[in-house]
Amino acid sequence: MLELRYIRENAEAVRRAIRAKQLPDAVASLDAVLVADEHRRLLRGDLESLQARRNAASREIGARKQRGDDADDLMREMSEVAAEVKRLEERDTSLAGQIALHLLEIPNVPHESVPYGASEHDNVVEAEHGERRVDADLLPHWELAERSRWFDLEAGVTLTGAGFPVFKGVGARLVRGLAAFFLDRLAAQGYEEVLPPLLVNAASATATGQLPDKEGQMYEVTGGYYLIPTSEVSVTNLHRDQILDDDALPLRYCAYTPCFRREAGSYGKDVRGLNRVHQFDKVEMVQFTRPEDSYDALEAMTRTAEGLLEALGLPYRRLLMCTGDMGFTQAKKYDLEVWSPGQARWLEVSSISNMEAFQATRLATRSRPGGSDGRGKTRSVHTLNGSALAFPRTIAALLETYQQGDGSVLLPEVLRGYVGTDVLR
RNA sequence: GGAGGGUUGGCUGAGUGGUUGAAAGCGGCGGUCUUGAAAACCGUUGACGGCGCGAGCCGUCCGGGGGUUCGAAUCCCUCACCCUCCGCCA
């Protein structure tokens, strides 16, 4: 959510941002906010002076009664004022509600370095790393796994439904090893490990931007809770409604969790094997930074995720997402795509974003120089997050990249200790 | 599942209708003292919003929402959450 004052003072920039993000419906929300805000400020002028009168009179009545004097005339007069105050308060509440509602429908403003674009075709490939393996004989990961039963999609269908893979044997060990490998690397770079709840309440989902606009993405469970679609939701809400110590920023967290996504409406080659599933594991990075530091943090975070792919020896490319493809809450976003030689295509394994103050405003996460009980003025923090990395496609790329003629997979050295074997058979 | 108790400022915790945005303590900040520091002492210290060039003024906020009243942290209704005990349980 953008700050109301920012919108008021930068209405045209917000309007351009809405168009650039290809969200024309939000124009109506912006106009509704501007109109309601204008009305409300006029109304509040009247309301507040009336309230001031009432407060003064009430104090006077109290003083008179204490002396034993009569105050009936003032009380009669204030009775009318009270009725008028109530009338204005109701209108004020109604306007405030409209503003709050429509504020949630206005997307974040892209950073000036983000290229304009209408769709994913306008994303910019900024870098490509590693030598892609190209060989028509290389098998896609689902064929490799079918032979060796590293994961079992059929079993998942029986247990739950399509898109819930069951990892088994050395396949399960690979998942566990990858998690430990990623977490160790992130710990070495100063990320504190967090093991958060997998269910969150509506307030948390709203604060990070899953609600109200992406409700269909999440599984909702009894009790009004939602299964997290990413640990970004849990971890970012760690500091909801808090004033942080500005001098202690940045705060850096990482979390390894399952993620649950409904992903309605996808089909075909996109959903073969591990390409797109409803439950998957992911290690996520989350940062809370000072506003002036967030873009350096975004670059560093991206480099961290890239470092993981490099350590695994997986060729990848980095995309700078254009305005039209980067989502509602982001100001700037990179995607990392890993090369899948068995499918001869790129697979997204990481998405690293700077939300600037957009989430922090909904979260009411601020910081103050000198600590939460210091004397400095509070200000919004910036939040960032990035995958490091999403497991299924990383595993797909690993299996396909390191497959050998006999269908086995020779693990990259960095993983061998974690998985407890050199070769998957 | 049953019974009871709570929700107040960065923290602990007073406060049952009238200058209470809120005692006190802790913490923070400034100062006195000190070679320096600590201790002690004095002062100061909420968030959010509107208006104003500014000094500043005004409003809202004591879990959320609604009600009673000239006036509500205080009374009533309602919802949410937390805690304790019992039962059950990994």
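Here the label points at A:Glu90 and A:Ala248, each 7 Å from Cα along the C-beta direction, are separated by 4.6 nm in the simple model.
Using the alpha-carbon centroid of each, what span in Å lies between the range A:245-316 and the range A:333-392? Here the answer is 8 Å between Cα centres.
Dipole size of chain A about its Cα centre, with +1 on Lys/Arg Cβ and -1 on Asp/Glu Cβ: approximately 460 debye, rounded to the nearest 20. For chain A, the mean residue ellipticity at 222 nm estimated from helices alone is -13500 deg cm²/dmol, where every DSSP H run of n ≥ 4 contributes -39500 (n - 2.57) and the total is divided by all residues, rounded to the nearest 500. Positive end of the dipole of the range A:120-424 (Cβ unit charges, origin at the Cα centre): among A:Tyr253, A:Val277, A:Leu199, the Cα lying farthest that way belongs to A:Leu199.
State the percentage of accessible surface on chain A attributable to carbon and sulfur atoms; use a 1.4 Å probe and exclude ligands, DNA and RNA. Intermediate values should be presented prior to the final figure.
Values: 9540 of 19870 Å².
Percent of accessible area from carbon and sulfur atoms in chain A: 48.
Annotation for A:Ala155 and A:Gln66: the two label points, set 7 Å from Cα along the Cα-Cβ direction, are 7.7 nm apart. Think of chain A as a dipole: +1 on every Lys or Arg Cβ, -1 on every Asp or Glu Cβ, centred on the Cα centre; then among A:Ser94, A:Leu2, A:Ile352, A:Ser94 lies furthest on the positive end.
Work out, step by step, the length gained on full extension between A:Ser58 and A:Lys214: first 0.36 nm times the residue separation, then minus their alpha carbon distance; give nm to one decimal. Before the final figure, lay out each step's value.
Details: separation 156, 0.36 × 156 = 56.16 nm, distance 4.81 nm.
Working it through step by step, the gained length comes to 51.3 nm.
The modelled label-to-label distance between A:Lys168 and A:Arg262, using points 7 Å beyond Cα along the C-beta direction, is 3.1 nm. Applying 1/(1 + (r/R0)^6) with r as the Cβ-Cβ distance of A:Ala344 and A:Tyr116 and R0 = 30 angstrom yields a FRET efficiency of 0.50.
In sequence order, the range A:145-155 has phi-based couplings of 6, 4, 5, 9, 6, 6, 9, 10, 7, 4, 4 Hz under the Karplus curve 6.51 cos²θ - 1.76 cosθ + 1.60, θ = phi - 60°, and Gly or Pro positions carry x.
For A:Val423, nonlocal amide neighbours, meaning residues 5 or more places apart or on other chains whose placed amide H falls under 5 Å from its own, are A:Leu411.
Given a 1.4 Å probe, how much area per residue of chain A is accessible, in Å²? Before the final figure, lay out the partial values.
On the way: 19870 Å² over 425 residues.
That works out to 47 Å² for each residue.
Here the contact order of chain A, divided by its residue count and restricted to Cα pairs under 8 Å and six or more residues apart, works out to 20 percent.
Note the full-extension length gain between A:Glu80 and A:Val271 as 0.36 nm times their separation in residues minus their Cα-Cα distance, in nm to one decimal.
Details: separation 191, 0.36 × 191 = 68.76 nm, distance 6.68 nm.
Difference between extended and current length: 62.1 nm.
The values are calculated or read from the model by the stated rules, or taken from the named source; none is laboratory data. Source: prediction; values computed, not measured. Quick reminder, even Gly has a Cβ in these numbers, built from the backbone with ideal geometry, and neighbours come from all protein chains shown. The protein model used for the area step is the full one, side chains on, heavy atoms only, and it has no ligands, DNA or RNA in it. Shrake-Rupley method; radii C 1.70, N 1.55, O 1.52, S 1.80 Å.
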